[in-house]
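Comments concern the structure below.
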Amino acid sequence: MADTVLYEVSDGLATITLNRPEAMNALNIETKVALRDAVRSAVDDVAVRAVLLTAAGDRAFCVGQDLKEHIGLLAADREAGSGQTMTTVREHYNPVVQALAGARKPVVAAVNGVAAGAGLGFALAADYRVVAETAAFNTSFAGVALTADSGISWTLPRVVGPGRAADLLLFPRNISAQEAYELGIANRVVPAGALRGEGEKVARALAEGPTVAYAAIKESVAYGLTHSLAETLEKEDELQTRAGASEDHAIAVRAFVNKEKPKYLGR
């Protein structure tokens, strides 16, 4: 793993930290490759029951594409007559977002500062967002004559509604942590100094929870957004059957009857 992305697993929690604070955690090629590989590792590791995505420093969570690197790559593309630079969406951003959103385990984003462009996309791909009160969000794309990527065309309308999504995409601006909470982008807003602890607290609680049930909840919500009520009821039946057969469900029922706190195994 590159130094630009830190990866640690402890007691079922994988923590992925973007580590370019001097560049506001902008995404150069090295960082994009390392992030993609770290997210895939966390999602594929059966010992990992929750993922925490965060960033170093206090200025930025991630400001998206590293434009200083990008401008040089675009110039090389023009000289070569190719469009190689923009394949980063397919090669890097899409795999990261697909893995985060499709993970069969909870993903928490602890947003410490500005989350713009793909940084916003990665935060929206998480299931739960803990946000520092000093953080801000910005779609950014139209400001550099680009369209949305990193899943934002899918995630943002589902969080804030299509009308607000169109406004935020067509007229990019900084969205404060408080406004993000009111829009539903932030699930919890905390003092900046408390962010890391609160993010870890939320993620660790999920890592100790009923992983099979969490996976089913993620799947059922995503399914229900694009299917009819009748189809969703059938999917709920299927997923409830799966969750009901899990060891964690049996543990939870016994603990409830015995008035004890359940100790889930994640299976």
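The values are calculated or read from the model by the stated rules, or taken from the named source; none is laboratory data. It should be emphasised that the depicted structure is a prediction, and the values quoted were computed from it without experimental measurement. Here the Cβ positions follow ideal geometry from the backbone for every residue, glycine too, while neighbour counts run over all protein chains shown.
Restrict the check to segment 95-108 and report whether at least one residue is part of a strand (DSSP E or B), surrounded by 24 or more Cβ atoms within 10 Å (Cβ to Cβ) and touching a helix residue (DSSP H, G or I) at 6+ places or on another chain (Cβ under 9 Å). Among the residues of segment 95-108, at least one is part of a strand (DSSP E or B), surrounded by 24 or more Cβ atoms within 10 Å (Cβ to Cβ) and touching a helix residue (DSSP H, G or I) at 6+ places or on another chain (Cβ under 9 Å), which makes the answer yes. Residues in segment 219-267 that are outside any helix (DSSP H, G or I) and small (Gly, Ala, Ser): SER228, ALA245, SER246, GLY266. Taken together, the residues in segment 69-80 that are among the basic types (Lys, Arg) and either surrounded by 19 or more Cβ atoms within 10 Å (Cβ to Cβ) or touching a residue at least 40 places away in the same chain (Cβ under 8 Å) (or both) amount to 0. Residues in segment 5-43 that are over 15 Å from the mean Cα position of the chain (by Cα), hydroxyl-bearing (Ser, Thr, Tyr) and buried (at least 20 other Cβ atoms within 10 Å of the Cβ): THR31 only.
So, SER140, is that one buried (at least 22 other Cβ atoms within 10 Å of the Cβ), assigned by TED's automatic domain parsing to the domain that holds MET24 and in contact with a Phe, Trp or Tyr (Cβ under 9 Å, 6 or more places away or on another chain) or not? Before the answer, list the steps.
On the way: buried (at least 22 other Cβ atoms within 10 Å of the Cβ): yes; assigned by TED's automatic domain parsing to the domain that holds MET24: yes; in contact with a Phe, Trp or Tyr (Cβ under 9 Å, 6 or more places away or on another chain): no.
Against the criterion (buried (at least 22 other Cβ atoms within 10 Å of the Cβ), assigned by TED's automatic domain parsing to the domain that holds MET24 and in contact with a Phe, Trp or Tyr (Cβ under 9 Å, 6 or more places away or on another chain)), SER140 does not qualify.
Just checking, how many residues over segment 1-51 are in a loop (DSSP other than H, G, I, E, B) and closer than 19 Å to VAL63 by Cβ?
9
Confirm whether ALA118 is in the same structural domain as PRO172 (by TED's automatic domain parsing), more than 15 Å from LEU195 (Cα to Cα), of a type in the set (A, V, I, L, M) and under 16 Å from the mean Cα position of the chain (by Cα). Answer is yes for this residue.
Checking LEU27, LEU6, LEU74 one by one, the residue that is within 19 Å of GLY197 (Cα to Cα) and not charged (D, E, K, R) is LEU6 and no other.
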